[in-house]
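Every number in this text was worked out from the coordinates using simple rules, so none of it is lab data. The structure displayed is predicted, hence computed values, not measured ones.
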Amino acid sequence: MKDGIEIQELIDFFKRNEDKIYKFAYGYVKNQDLALDLVHESIVKGIQKRDTIKEKKYLKTWFYRILINECLGALRKKNKVLFFDEIKDMEDMRQGDNSDNIDLYEAIDKLPGKLKTIIMLRFFEDMSLEEISQTIKINLSTVKSRLYKALEVLKLDMKGEDL
């Protein structure tokens, strides 16, 4: 290996984390097919650019940066088009007795992109604040302030649901 990470290490990472990667993408776009496409595109880009990562310990944050960029790009293109399977997924979720979870997910979806990213990485991907800082390339103090802001917004939004 000259630079970057071995292809087998990258493949192993994808296999170990395939469910988490898909769920993260789905959390952004709320469409099964689009989420699968974004995961595929992110993996292809990761393989193509594997020489840009120098240390294995940064693999997770490096890949999630690629995935986030793909998801945000897709959202910009999507322009709030609601697909039939999205409506069906939402109806299926509502059929269960998970109304509190649905309210939380809906509140998270309403967050501005910068705040939503922090919440998803912290609570859905179990990343530390330092890992989030590395992944989205912002100062640790900015990560903390955005996290607290997002939690405050969610708290206010969820209180509004109870009224």
Problem set entry | Debye log10 I(q)/I(0) for the stretch 15-80, one point scatterer per Cα, at q = 0.16, 0.22, 0.27, 0.29 Å⁻¹ | -0.50, -0.89, -1.22, -1.35
Problem set entry | Greater than 22 Å apart at Cα, pairs in K54/K116; K15/K57; K30/K110 | K54/K116
